[in-house]
1. For the chain, with only Lys/Arg (+1) and Asp/Glu (-1) charged at the beta-carbon, what is the dipole magnitude about the Cα centre, in debye rounded to 20?
2. Using a 1.4 Å probe on the protein heavy atoms, what percent of the accessible area of the chain belongs to carbon and sulfur?
3. Please give, to one decimal in nm, the separation of the simple spin-label points placed at M153 and R175, each 7 Å out from Cα toward the Cβ.
4. Between Rg and the Kirkwood Rh of segment 134-184, both from Cα atoms, what is the Rg to Rh ratio?
5. Antiparallel as a % of all DSSP beta bridges within the chain, to the nearest 5?
6. For the chain, count the residues as N, evaluate 2.2 N^0.38 Å, and divide the Cα radius of gyration by that value, please.
7. Nearest 10 degrees, 0 to 90: what angle lies between the long axis of helix 192-201 and the longest principal axis of the chain (Cα atoms)?
8. For the chain, what is the accessible area per residue in Å² when the probe is 1.4 Å?
Amino acid sequence: MIERFIHHLRVELPAPDEVAAGARVRLADKFQRTALRRMTHLGLMIGSALEGAPLGPDDALVYASTYAETRALEDFLLSFPSASPLLFQTSIHPGGVQQVLIGRQQSIARLWPLAGRTRLVEQALLSALLEPAAQVALVGGEERGTWMLEQGMAAARPFAFAALLTRDPVGAVGRVAWLPGTGGNEESCPSLENFAMALAERRTLGWQGAGGRWSLEWL
């Protein structure tokens, strides 16, 4: 069995229709004013979720998102034919978690960015469990889409989460583990949104995948 224990945990679940402008007002006191204008909705939510997380230069970070800055890209495309320079800059800005790390001048040992759909949560957890760093930040999130949502290319609601995973059970609030073998509950791997909701609600999860049994438990 391989396992890690959850310490810092924060989930951002704003109103389903919140956009970047609303997040800039709601989260203004958490960021430098010069950075606010250029940050995407996802970057703002991730920054809030990582607030207070004691990241250091020896730590690693696993970042999971299926659609990333979808809304930023939508807004830029909607500005045509008079393309907005500011929206163009936002649409090609570093990813949400990179915006936060750059703004804080926070160095880390390794960044593992992952994109996917059906088994994204499983891939992110496996990366975190196998990472040699003593502390790993597991971060994920999505922006809410509009017309790209209708095409199946965006998330239906905004959210973000950040959890620090270590091998030390002392003071932990939860545990993620993988046990090799088959059998037991045949539930499918949760979506990234469902995983975020389980973190927010402190809800237990379990499913079969990657040749073993996954579990999310609370202490």
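1. In total the dipole reaches around 380 debye.
2. Heavy-atom surface of the chain belonging to carbon and sulfur, 1.4 Å probe: 56 percent.
3. If labels sit at M153 and R175, their model points lie 4.4 nm apart.
4. My calculation puts Rg/Rh at 1.18.
5. Numbers: 31 of 42 bridges.
Antiparallel: roughly 75 percent of the beta bridges in the chain.
6. 1.02
7. With rounding to tens, the tilt is 70 degrees.
8. Details: 10260 Å² over 219 residues.
So the chain comes to 47 Å² accessible per residue, rounded to a whole number.
The values are calculated or read from the model by the stated rules, or taken from the named source; none is laboratory data. The structure displayed is predicted, hence computed values, not measured ones. Cβ sites come from the backbone with ideal geometry, for glycine too, and all protein chains shown count toward neighbours. Each accessible area value is taken on the protein alone, full model and side chains, heavy atoms only, with ligands, DNA and RNA left out. Shrake-Rupley method; radii C 1.70, N 1.55, O 1.52, S 1.80 Å.
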